[in-house]
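The values are calculated or read from the model by the stated rules, or taken from the named source; none is laboratory data. Note that the structure is predicted; figures quoted are calculated from it, not measured. Neighbour counts run over all protein chains shown; Cβ positions are idealised from the backbone, glycine included.
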């Protein structure tokens, strides 16, 4: 063993320098920041995919003008506004009305027929991409004759975002921009006819808004809270690490009625939780019917 004052071996001084060391430090900073978010605010991103998290954390760094993740962590712990920015950056990004016409068309062709046979069908939009996604669903199902007896539960882990969704409105210009996407999805009306307009802002008509219940819910920590005839979750799952993804698939299985439908971000693998209990429906996104 080297004596206390003996010179370190050649190269030891460079053990924590270079690209590999920088990456190790960044990974450590990431873990500490995620732990801080969990301990301070109760938002658990620790089982998220690291590559997806890094992309979003880079955006938060730029927004806050921080040089390092350690600097960002200090701001998060001592500045509520900075914490809100980071939590938004790590949440599912809101999308516009009829963002994916092919998906909206499958809402007509797959989801609506599956719901018609239920007296009061319940649909869970897990980590919903804002009012754009929820209002798209409500409009499509209204046109398909389902919305009058529909119960949509749109959940988000971020309680601040939930509060904003309750009485949200969008610029009227977004309706004109969404009209073509709506038509591509099979819509035949004027999209604006489903909205009330005031001071340049558009809000979904009350009879459709009443079909949507917004609530705070964490896919990471919370248990099943109801039985649903349909569950839609495409925006959050790509960010989840392997273990968390399996946890969420088990949660969906526990929450989905037999013969209910499930929409995911990618096809189920044979090794996925409860994969054998689903029958593929097909389409531009993976749709399944629970048969077991």
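Annotations
- Selection of the stretch 221-235 for residues being over 17 Å from residue 44 (Cα atoms) and modelled with pLDDT of 95 or more yields 224, 225, 226, 227, 228, 229, 230, 231, 232, 233.
- Selection of the stretch 217-248 for residues being in a helix (DSSP H, G or I) and within 25 Å of residue 141 (Cα to Cα) yields only 237.
- Any hit, the stretch 193-202, residues being touching a residue at least 40 places away in the same chain (Cβ under 8 Å), assigned to a helix (DSSP H, G or I) and either surrounded by fewer than 18 Cβ atoms within 10 Å (Cβ to Cβ) or touching a helix residue (DSSP H, G or I) at 6+ places or on another chain (Cβ under 9 Å) (or both): yes
- Conditions (1) more than 27 Å from residue 114 (Cβ to Cβ); (2) in a helix (DSSP H, G or I); (3) in contact (Cβ under 8 Å) with a residue 24 or more places away in the chain; (4) within 19 Å of the chain's Cα centre (by Cα); number of the one not met by residue 174: (4)
- Here 180, 160 are screened, and the one residue that is part of a helix (DSSP H, G or I) and out of contact with any helix residue (DSSP H, G or I) (no Cβ under 8 Å at 6 or more places or on another chain) is 180.
- Of the residues 108, 56, 75, the single one that is in a helix (DSSP H, G or I), closer than 30 Å to residue 195 by Cα and either touching a helix residue (DSSP H, G or I) at 6+ places or on another chain (Cβ under 7 Å) or at pLDDT 95 or above (or both) is 108.
- In the stretch 126-156, the residue that is farthest from residue 178 (Cα to Cα) out of those that are out of contact with any helix residue (DSSP H, G or I) (no Cβ under 8 Å at 6 or more places or on another chain) and part of a loop (DSSP other than H, G, I, E, B) is 127.
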